[in-house]
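Chemist: There's a structure below that I have some questions on.
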Protein chains: 4
Amino acid sequence: MTITVTVVVGNPKPQSRTRTVAETLVAKLLEPGSYDLDVIDLADHTAEIFAWPSEQMAALNARVASSDLAVFASPTYKATYTGLLKAFLDRYPANGLAGVTAIPVLTGADLTHSMGPTVNLAPLLVELGAIVPGRGFYFVAGQMDHLDEIVGAAAEEYAANLARLASVAAVTQGVSA
Amino acid sequence: MTITVTVVVGNPKPQSRTRTVAETLVAKLLEPGSYDLDVIDLADHTAEIFAWPSEQMAALNARVASSDLAVFASPTYKATYTGLLKAFLDRYPANGLAGVTAIPVLTGADLTHSMGPTVNLAPLLVELGAIVPGRGFYFVAGQMDHLDEIVGAAAEEYAANLARLASVAAVTQGVSA
Amino acid sequence: MTITVTVVVGNPKPQSRTRTVAETLVAKLLEPGSYDLDVIDLADHTAEIFAWPSEQMAALNARVASSDLAVFASPTYKATYTGLLKAFLDRYPANGLAGVTAIPVLTGADLTHSMGPTVNLAPLLVELGAIVPGRGFYFVAGQMDHLDEIVGAAAEEYAANLARLASVAAVTQGVSA
Amino acid sequence: MTITVTVVVGNPKPQSRTRTVAETLVAKLLEPGSYDLDVIDLADHTAEIFAWPSEQMAALNARVASSDLAVFASPTYKATYTGLLKAFLDRYPANGLAGVTAIPVLTGADLTHSMGPTVNLAPLLVELGAIVPGRGFYFVAGQMDHLDEIVGAAAEEYAANLARLASVAAVTQGVSA
């Protein structure tokens, strides 16, 4: 089986460390060869983000909404996700990410805003119908030297969470039948 | 397979409608016969909730922590969960609900506090290591006549979410291998 | 004495009802003739909002930061403020709204997201150093017929709050001396 | 003029560092002799906190509600205020702290939960009608050696904020008239 995965990066500057963190998380979480990966760097789309309608943006929105797993990654601005990421998500109708497994990722300068992914970005994704399998992930940018180790530990926790969720899934009505 | 399920009710008054809502959600979500259910009505334990140590409370905490699924249900007080529910959760060490699939439920008088389960109760459970498979569930108390229908729709959404999560779980590293 | 007041409107569509609500709140809250009012409709600046640096945006940011009172008004998108408003606020450095008295205003279709101004927009403004004198204000868009009455009641509450705060201000160290 | 000030401490253990932090904040913020101070250490009232009705608790609630300024201080449990503090606040009716200037204080082991006072405790107090003049205050418990300096800086910021609010208060309708 192959699943579709999308990384959405909300940094107004392209090719950011935030993007690297998100891509590393996907690589550590999933079996190689088990997924198709798409990366949307919103920095490439700022000119179009407030255009309405926009075929280009609609196509991006559709790709994320049809993913099995999406990682939403942003630097921490004012203790929360960027306006750029929010502007992208604002384009969805209510429930526009229904059924997408979503991992919220924020990068920050120090621990001060550690709660951001869980109290700000996760509820936003959940409002759109996405499902967040655990804590949001906060990465201190100065720790890039330990990226593999830190992201690896987070990936292990998500994998363990997903396995636990699957055991509940097995006995829900209309699923186990 | 049989899973263990616990309902924790944070209403200072016992046998509340909040408890009924939570129990109904479990009944609608899971296949009959697929689970063992335990209900902890915290109203029965207010005298002990601030005792430290307490064998009685420790036993309750352990039962919830070892559940596969736990529903945490509370009336909405001041836009969020009750102090009674929080006092129970405060007894856990860090990560004390690791791996428990948790559904946050708040009941309220009208729609004003609809965001409470998602922005207040869900992050609290996640902080403890629990995994919330979707939105928190908010139930308007005046709708008890439509309990089956409203809770049924919520249960269907959780079941669908869990099925989607299971499809991601299948390709995580160390799980699919 | 004259104070400076700014209304910042975060609706991607110009001349919105959200703007009307915010302007009405200012008119009801302050004595006529006691203030200079500036309205920034961010819909007029979407093309420039992600430009960096930008003299035009820097000038707008400076006008708000030097205000005595600023009303930040946005429609509710995904249970919170718009990406457009956030993108404007993202341009500030840490503490960029220090000392500005700020009133958060969200308009929404129904009561479902009533908590948004208090749990989402207010903390964002406070993170920037602004001071929010009470609840955030949530206005149900279908109530435009009762605009004067509803906004008038909110204005009275803010005025009462400000008077109470002034009585505390009078005895702080270095102020009363 | 003399104002009434109350410190409410939500630590289940009495005479905590959290209490010391809150009392220091009051001493640094206000002019000596300008206020009457009352300290409520909720650890002394755990046996009564879920009793209903309770004359003892009603008297405590009334003292806080009639204060000009109240400091609500709690250790950080699970990223937010304690269940004990919440249980005390749950005893108020809607709007029970109307017009009280309130400062939220959380103490914690490290910076991880720095956002707690602003995103969790402040909105709770505001929901009750209190007015929070700026950020919530987070104090890292290991910094007790620098208590005077750190709390002093926070007090200066609150004093400056209150002065700014007073300048807006001066031109509100029905107040300046």
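Chemist: Give just the number: which of (1) over 30 Å from C:ALA109 (Cβ atoms); (2) out of contact with any Ser or Thr (no Cβ under 6 Å at 6 or more places or on another chain); (3) among the basic types (Lys, Arg) does A:ARG135 not satisfy?
Modeler: Evaluating A:ARG135 over (1) over 30 Å from C:ALA109 (Cβ atoms); (2) out of contact with any Ser or Thr (no Cβ under 6 Å at 6 or more places or on another chain); (3) among the basic types (Lys, Arg) leaves (2) as the failure.
Chemist: For the stretch A:3-19, what are the residues that are open to solvent by less than 40 Å² (accessible area, probe 1.4 Å) and in a helix (DSSP H, G or I)?
Modeler: A:THR18 - this is the single residue of the stretch A:3-19 that is open to solvent by less than 40 Å² (accessible area, probe 1.4 Å) and in a helix (DSSP H, G or I).
Chemist: Now a separate question. Checking the conditions here, which among C:THR101, C:THR82, C:THR76, C:THR107 is within 26 Å of D:PHE137 (Cβ to Cβ), polar (S, T, N, Q) and surrounded by 24 or more Cβ atoms within 10 Å (Cβ to Cβ)?
Modeler: C:THR101
Chemist: Sort out which residues of the stretch A:25-39 are touching a helix residue (DSSP H, G or I) at 6+ places or on another chain (Cβ under 7 Å) and crowded, with 19+ Cβ neighbours inside 10 Å, and write them in order of number.
Modeler: Residues satisfying the conditions are A:LEU25, A:LYS28, A:LEU29.
Chemist: Here are C:ALA169, C:ALA159, C:ALA155: which of them is at the interface with chain D (Cβ under 8 Å from one of its Cβ atoms), open to solvent by less than 20 Å² (accessible area, probe 1.4 Å), more than 21 Å from D:ARG135 (Cα to Cα) and among the hydrophobic types (A, V, I, L, M, F, W, C)?
Modeler: Checking each option against the conditions leaves just C:ALA155.
Chemist: On the given criteria, is D:ASN95 under 30 Å from C:ILE3 (Cβ atoms) and within 12 Å of chain B (Cβ to nearest Cβ)?
Modeler: yes
Chemist: Next question. With respect to A:ALA154, is the statement that it is under 19 Å from the mean Cα position of the chain (by Cα) and in contact (Cβ under 8 Å) with a residue 60 or more places away in the chain true?
Modeler: It is true that A:ALA154 is under 19 Å from the mean Cα position of the chain (by Cα) and in contact (Cβ under 8 Å) with a residue 60 or more places away in the chain.
Chemist: Picking from B:ALA98, B:ALA51, B:ALA73, which residue would you name as being among the small types (Gly, Ala, Ser) and over 30 Å from A:ALA170 (Cα atoms)?
Modeler: Every option except B:ALA51 fails the conditions.
Chemist: Considering the stretch B:81-105 alone, what residues qualify as being touching a strand residue (DSSP E or B) at 6+ places or on another chain (Cβ under 8 Å) and either part of a loop (DSSP other than H, G, I, E, B) or free of Cβ contacts under 8 Å to residues at least 12 places away in the same chain (or both)?
Modeler: Once the filter is applied, which keeps residues that are touching a strand residue (DSSP E or B) at 6+ places or on another chain (Cβ under 8 Å) and either part of a loop (DSSP other than H, G, I, E, B) or free of Cβ contacts under 8 Å to residues at least 12 places away in the same chain (or both), the stretch B:81-105 yields B:TYR81, B:THR82, B:GLY83, B:ASP90, B:LEU97, B:GLY99, B:VAL100.
Chemist: Right, here's the next one. From the list A:LEU97, A:LEU106, A:LEU84, which one is hydrophobic (A, V, I, L, M, F, W, C) and within 18 Å of A:ILE131 (Cβ to Cβ)?
Modeler: Of A:LEU97, A:LEU106, A:LEU84, the one residue that is hydrophobic (A, V, I, L, M, F, W, C) and within 18 Å of A:ILE131 (Cβ to Cβ) is A:LEU97.
Chemist: Could you list, in sequence order, all residues of the stretch A:118-146 that are more than 7 Å from every other protein chain (Cβ to nearest Cβ), within 20 Å of B:GLY136 (Cα to Cα), assigned to a helix (DSSP H, G or I) and more than 10 Å from the chain's Cα centre (by Cα)?
Modeler: Of everything in the stretch A:118-146, just one residue is more than 7 Å from every other protein chain (Cβ to nearest Cβ), within 20 Å of B:GLY136 (Cα to Cα), assigned to a helix (DSSP H, G or I) and more than 10 Å from the chain's Cα centre (by Cα), namely A:ASN120.
Chemist: Would you tally the residues in the stretch B:51-73 being open to solvent by 10 Å² or more (accessible area, probe 1.4 Å), aromatic (Phe, Trp, Tyr) and within 28 Å of B:VAL151 (Cβ to Cβ)?
Modeler: Total satisfying the criteria: 0.
Chemist: Let me ask something else about it. Taking the residues in the stretch B:48-80 that are assigned to a loop (DSSP other than H, G, I, E, B) and facing another protein chain (nearest Cβ under 8 Å) as candidates, determine which candidate is farthest from D:ALA47 (Cα to Cα).
Modeler: B:ASP68
Chemist: Quick check, is B:ALA22 closer than 23 Å to B:LEU147 by Cβ, part of a strand (DSSP E or B), in contact (Cβ under 8 Å) with a residue 60 or more places away in the chain and within 12 Å of the chain's Cα centre (by Cα)?
Modeler: No: the conditions fail for B:ALA22.
Chemist: Residue by residue through the stretch A:40-50, note down the ones that are surrounded by fewer than 16 Cβ atoms within 10 Å (Cβ to Cβ), out of contact with any helix residue (DSSP H, G or I) (no Cβ under 7 Å at 6 or more places or on another chain) and either aliphatic (A, V, I, L, M) or farther than 26 Å from A:VAL140 by Cα (or both).
Modeler: Once the filter is applied, which keeps residues that are surrounded by fewer than 16 Cβ atoms within 10 Å (Cβ to Cβ), out of contact with any helix residue (DSSP H, G or I) (no Cβ under 7 Å at 6 or more places or on another chain) and either aliphatic (A, V, I, L, M) or farther than 26 Å from A:VAL140 by Cα (or both), the stretch A:40-50 yields only A:ALA47.
Chemist: Scan the stretch D:138-152 for residues that are of a type in the set (Val, Ile, Thr) and open to solvent by 20 Å² or more (accessible area, probe 1.4 Å) and jot them down.
Modeler: Listed by number, the residues that qualify are D:VAL140, D:ILE150.
The values are calculated or read from the model by the stated rules, or taken from the named source; none is laboratory data. On a predicted model such as this, the values are computed, not experimentally measured, just so you know. Backbone-built Cβ (ideal geometry, glycine too); neighbour counts: all protein chains shown. These accessible areas exclude ligands, DNA and RNA; they are computed on the full protein's heavy atoms, side chains included. Shrake-Rupley method; radii C 1.70, N 1.55, O 1.52, S 1.80 Å.
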